[in-house]
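**Q** Dropping the structure in here first, questions after.
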Amino acid sequence: MDQRKHPRFKTKMAVEVNDRQGLLENVSKEGVRVKLMANSIPKNTNVNVAFKVNGYSFKLKGIVRWCRRDKFSFQDCKELGLLLEEPPDHYHQFVETLSSEGVPAAFV
């Protein structure tokens, strides 16, 4: 049973986590799930998260809450669950847009 406080919204966009390229797979008001193609980042590590969408740049700080190998990939992908630390208002507005309008095709 999912015990999250905030709903998650699927995304498929490029992201950087500590200057490592990845894929932003979902977002919520308090966290994100990222798939990295590089070596994993250990749990409880502070990270910088950056991505752009529709002309807006997001530079967020977070902490790795969980990390695991992507079991459905033939490559050495890592999945990370990141808890965001004090995300700015424009990030919350971005998530609200996804929740009020449904996930736009550009994000899926």
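The values are calculated or read from the model by the stated rules, or taken from the named source; none is laboratory data. Bear in mind that the values here come from a model prediction, so they are computed numbers and not experimental data. Please note: Cβ atoms are built from the backbone with ideal geometry, for glycine as well, and neighbour counts cover all protein chains shown.
**Q** Just checking, how many residues over region 16-32 are over 13 Å from Tyr91 (Cβ atoms) and among the aliphatic types (A, V, I, L, M)?
**A** Start the filter on region 16-32 by keeping residues that are over 13 Å from Tyr91 (Cβ atoms), which leaves 16-23, 25-26.
From what's left, among the aliphatic types (A, V, I, L, M): 17, 23.
Number of matching residues: 2.
**Q** Could you figure out which of (1) modelled with pLDDT of 90 or more; (2) under 16 Å from Arg8 (Cβ atoms) isn't true of Ser57?
**A** (2)
**Q** Now a separate question. How many residues does region 70-107 hold that are at pLDDT below 90, within 19 Å of Ile41 (Cβ to Cβ), of a type outside the set (A, V, I, L, M, F, W, C) and surrounded by 12 or more Cβ atoms within 10 Å (Cβ to Cβ)?
**A** Within region 70-107, residues that are at pLDDT below 90, within 19 Å of Ile41 (Cβ to Cβ), of a type outside the set (A, V, I, L, M, F, W, C) and surrounded by 12 or more Cβ atoms within 10 Å (Cβ to Cβ) number 5.
**Q** Output the residues belonging to region 53-68 that are more than 12 Å from Gly81 (Cβ to Cβ), part of a strand (DSSP E or B) and touching a residue at least 12 places away in the same chain (Cβ under 8 Å).
**A** Within region 53-68, the subset more than 12 Å from Gly81 (Cβ to Cβ) is 53-61.
Still in the list and also part of a strand (DSSP E or B): 53, 56-61.
Those that are more than 12 Å from Gly81 (Cβ to Cβ), part of a strand (DSSP E or B) and touching a residue at least 12 places away in the same chain (Cβ under 8 Å): Val53, Tyr56, Phe58, Leu60, Lys61.
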